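Let me give you the structure first, and then I'll get to my questions.
Here, each number is a calculation from the coordinates, and none is a lab measurement. All of these numbers come straight from a predicted model, not from anything done at the bench. All Cβ positions, glycine included, derive from the backbone under ideal geometry; neighbour counts span all protein chains shown.
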There are 2 protein chains.
Amino acid sequence: MRWEEIDSQVCSIARALAIFGDRWTLLIIRDAFRRVRRFSEFQKSLGITKHRLSDRLTRLVDSGILEKRMYDEKRSRYEYRLTAKGLDLYPVLMSVVNWGDKWVCDEDGSPVVFTHTQCGHTCHPKMVCDVCDGEIVATDIEPSVGPGVAQKVSRGDWSPAMGES
Amino acid sequence: MRWEEIDSQVCSIARALAIFGDRWTLLIIRDAFRRVRRFSEFQKSLGITKHRLSDRLTRLVDSGILEKRMYDEKRSRYEYRLTAKGLDLYPVLMSVVNWGDKWVCDEDGSPVVFTHTQCGHTCHPKMVCDVCDGEIVATDIEPSVGPGVAQKVSRGDWSPAMGES
DNA sequence: CATTATGGGTTCCAAAATAGAACCTGTCAA
DNA sequence: TTGACAGGTTCTATTTTGGAACCCATAATG
């Protein structure tokens, strides 16, 4: 299978990764959360080639994660800003930070700490069940077929042989 | 900058993505959480070429996310299983699922639903502050320099010009 | 016993993606 | 007038990838 076809799977992970699951894209989004907004700022921060950056920014705009906004009419200069869809990626980045801080950071400690302005404290975001508030651990979750698959099966659009459950 | 150099940054995201931030790797990890364990099962599920798969599995074993365990002495057959380091990636996958369910799934609804065995309910994992239990939203978090950078600066190992804050 | 299937790869080649450098274009500041 | 800057595009050499073919040990089949 070609990488471009992976988003044909009925799988939210595959479809999401089709957008940001390649080299550089998630780092660009990380920078966007740090208020990096201009082409040259991204380039300096990432050390990515202009060509790659141009391509990645265009894709991110096309997929609705960034929006391109003119900030200088005369010189037609643009900024790239996160949309609501992009801002919603925050928990993804946060969970990557958490994992990285635990498993791949050196002995000095984590490079960045986070303050939750709602409560004023330094916080370590964690993932919890929205029903019982218990922390989510892999072994406590049991996946099962959801409506997105069930309805396709009942219409005959889909059978398990086609791909992922 | 070459992709192989990105993990030289003092940034947990960059270092984490150096391991799983490329095409296929996170999908392999997804499958591992679905109890896919053998080479041929991964291949069938992903449609990836054997060559790629072999390379990615080796990297994942080298970086301690999967372990290779013999299950048939005579034929020297191996299974790949998540280590503790790998199992800890669950919140990353979960936050990708959440985002994908919200933004890139079709109208039938989400393909998979999750039951939290601790409480027995279908759940939608969410990210919260570990101090006040408030849900984490991008605009409520203020990052600041952490010990991992502060100590390097005080030792003279690092200056902001070198890379990321 | 010869043949074929299976799991888990490796080797080879052509096609696609990438890095790095050079170039372009329009404005502005000295 | 010259140069700098932002924001690109074009070019080429190198890597990475996809696809197919091949390999090897065991096991099942005829």
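Over all pairs of distinct alpha carbons, what does the Kirkwood formula give as the hydrodynamic radius of segment A:69-150, in Å?
Values: mean 1/r = 0.0591 Å⁻¹.
Mean inverse Cα-Cα distance, inverted, gives 16.9 Å.
Please list the non-local residues whose amide H lies under 5 Å from the amide H of A:Ser110, H modeled 1.01 Å from N, same-chain partners needing a gap of 5 or more.
B:Gly148
Return the average number of partner chain Cβ atoms within 10 angstrom of each residue Cβ along peptide B:37-46. Intermediate results must be reported in sequence, preceding the final value.
Details: counts 0, 0, 0, 0, 0, 0, 0, 0, 4, 6.
Mean number of neighbouring Cβ atoms from other chains: 1.
Can you list residues whose amide H is under 5 Å from B:Thr115's amide H, if they're 5+ apart or on another chain and H is modeled 1.01 Å from N?
A:Glu142, A:Ser144, B:Cys123
For Cα pairs less than 8 Å apart in space and 6+ apart in sequence, what is the mean separation divided by the residue count of segment A:31-127, i.e. the relative contact order in percent? Before the final figure, lay out each step's value.
Working: 77 pairs, mean separation 18.4, N = 97.
For segment A:31-127, the relative contact order is 19 percent.
Near A:Lys126, which lysines are there with a Cα under 29 Å away, not counting those fewer than 8 places off in the same chain?
A:Lys85, A:Lys102, B:Lys85, B:Lys102, B:Lys126, B:Lys152
Please list the equivalent ellipsoid semi-axes of chain B, computed as the square roots of five times the alpha-carbon gyration tensor eigenvalues, in descending order and whole angstrom. Mind dumping the intermediate values first?
Working: eigenvalues 197, 133, 48 Å².
Semi-axis lengths for chain B are 31, 26, 16 Å.
How large is the dipole of segment A:1-88 about the Cα centre if only Lys and Arg carry +1 and Asp and Glu carry -1, each at its Cβ, rounded to the nearest 20 debye? Kindly include the intermediate steps, with their values, before the conclusion.
Numbers: 20 positive and 13 negative charges, 100 e Å.
Computed about the Cα centre, the dipole is about 480 debye.
A further question on this structure: Can you list the aspartates and glutamates whose alpha carbon sits under 16 Å from that of B:Lys68, skipping same-chain ones fewer than 8 residues off?
The reachable aspartates and glutamates, counting only those whose Cα sits under 16 Å from B:Lys68, are B:Asp31, B:Glu41, B:Asp55, B:Glu79.
Continuing with the same structure: Report the longest stretch of chain A that contains none of the trypsin sites (Lys or Arg not before Pro) sitting in a DSSP loop with at most 16 other Cβ atoms within 10 Å. Can you show the working numbers first?
On the way: sites that count: A:Arg2, A:Arg23, A:Arg34, A:Arg35, A:Arg38, A:Lys74, A:Arg75.
Here the longest segment lacking exposed loop sites spans A:76-165.
Which distances in nm, rounded to one decimal and ordered from shortest, link the label point of B:Glu5 to the equivalent label points in the other identical copies, with labels set 7 Å from Cα toward Cβ?
Nearest first, the other copies' label points are 3.7 nm away.
With θ set to phi - 60°, apply the Karplus curve 6.51 cos²θ - 1.76 cosθ + 1.60 along segment A:88-100 and write out the HN-Hα couplings as whole Hz, x wherever there is a Gly or Pro.
5, 7, 3, x, 4, 4, 4, 6, 5, 4, 4, 5, x
Can you work out the FRET efficiency for the pair A:Asp133 and B:Lys50, with r the C-beta to C-beta distance and R0 = 51 Å, to the nearest 0.05? Don't skip to the answer; put the middle values down first.
Numbers: r = 44 Å, r/R0 = 0.86.
After rounding to 0.05, the efficiency reads 0.70.
On to the next question. With loop defined by DSSP as not H, G, I, E or B, and exposure as at most 14 other Cβ atoms within 10 Å, which is the longest segment of chain B clear of exposed GluC sites (Glu not before Pro)?
Details: sites that count: B:Glu73, B:Glu107.
The reported range is B:1-72.
Sticking with this one: Expressed as a whole number of Å, what is the distance separating the alpha-carbon centroids of segment A:61-80 and segment B:1-61?
33 Å
B:Asp130's amide H: which non-local residues (gap 5+, or another chain) put their own amide H closer than 5 Å, with H modeled 1.01 Å from N in plane and none for Pro or chain starts?
A:His124, A:Lys126
Per the Kirkwood formula on distinct C-alpha pairs, the Rh of segment A:1-88 is how many angstrom?
Values: mean 1/r = 0.0731 Å⁻¹.
Every distinct Cα pair counted, the radius reaches 13.7 Å.
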